[in-house]
Each structure stands twice: as structure tokens, then as C-alpha cells.
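As C-alpha cells, the structure follows; a few thoughts come after it.
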Amino acid sequence: FPSHDMGGCKTFLRIPYLLNLVNDKTIVINKAELFVQLRDQTAHAFYPPPSRINLGQPISATRRRSNLIRDFAENPAYGGTYNSVLNGYKFNITLHLQNLVNQYFRFGKNNDLGLLLFVPSDSPVSGSRAVFDMRPGNTKLVITYTKLNN
């Protein structure tokens, strides 16, 4: 993926091989963290990165309007706040991914519509800038899981 700025838009992310984890086995996702880094030199004192960004799921396969994922409301470690050490954002999306693999394993239904990064509208008047670094290794998903014997 190329870099994307947040100029009033949402950035679409796909996890193409997520459901390969199932492979006829039940899995429990112990932890799933999404790390989104910014390109170096894209934010500075005049236009700092947004203090936080949100992560949602499209409401359908053909629309880019989004609902917040379950972790936003139910997971106290959801994240999404800017971390200067990471030069980016970290999201804990364990509940969201567990729900997707459960639906696939139990019903054969792929409800993975991707993810959307966006700046929340509660702070619309602050000037900020974020250009995500989508080169391999800079935006990554780290999943720790356990395969159960059926």
C-alpha cells in the first residue's frame, strides 16, 4: 500500500490471510495488536500528528461508512492514541478478530470487511497531520493465538 494522509478521509486496511488461522480448528486469540506507523518527517511542531485515531469496520462490502469495532467500547486496552516512541498508533483488536474467526469457523461466513482508520470528529478544529507508512514491516498485525483440539 502507498502512504495515505488523513486529509478528511479514511484509510482502508485489509488482513488478507486472517481466516487461514482457522484451518478446521477452533482458535482462541489471546492478543491481537495492530501497529500503524507514520512516515518520518511528515508531522512536526506546526502540524503534529492527531492525538488519537479510531479504527472501524465498513458497514458493508461496498460502502466506506463505518461502525466502530467491538474493542472500542468493550476493551479498556483498545488504544489509538499517538505514541511518540512508536511514531504511530497501537490498537488492541483481540475481540474483533476473535469474533471474525468464530463466525467463519462456526457458520462458514466471512464477515471480514476490512478496517478503516479515521480521525475522530470530537476534535475537528485542531490542525494535525498523519501520513501512514504502509511499506512492509511498518504497519503490522501481531497475533498471539492458541489452537484447540476439537
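The values are calculated or read from the model by the stated rules, or taken from the named source; none is laboratory data. Please read these numbers as outputs of a predicted model, since none were measured by experiment. Ideal geometry is used to build each Cβ from the backbone, glycine not excepted, and the neighbour counts take in all protein chains shown. For accessibility, only protein heavy atoms count, side chains too; no ligands or nucleic acids. Shrake-Rupley method; radii C 1.70, N 1.55, O 1.52, S 1.80 Å.
Selection of strands (runs of 3 or more DSSP E) fully inside region 23-108 by the criterion of at least 1 residues being among the β-branched types (Val, Ile, Thr), surrounded by 15 or more Cβ atoms within 10 Å (Cβ to Cβ) and in contact with a Ser or Thr (Cβ under 8 Å, 6 or more places away or on another chain) returns 26-37. Residues in region 106-132 that are of a type outside the set (A, V, I, L, M, F, W, C), modelled with pLDDT under 85 and in contact with a strand residue (DSSP E or B) (Cβ under 6 Å, 6 or more places away or on another chain): PRO120 alone. Beta carbons closer than 7 Å, at least 6 apart along the sequence or on distinct chains, pair a first residue in region 129-150 that is under 19 Å from LYS10 (Cβ atoms) and outside any strand (DSSP E or B) with a second that is of a type in the set (Gly, Ala, Ser) and open to solvent by less than 100 Å² (accessible area, probe 1.4 Å) for ARG129/ALA43; ALA130/ALA43; ASP133/SER3; MET134/SER3.
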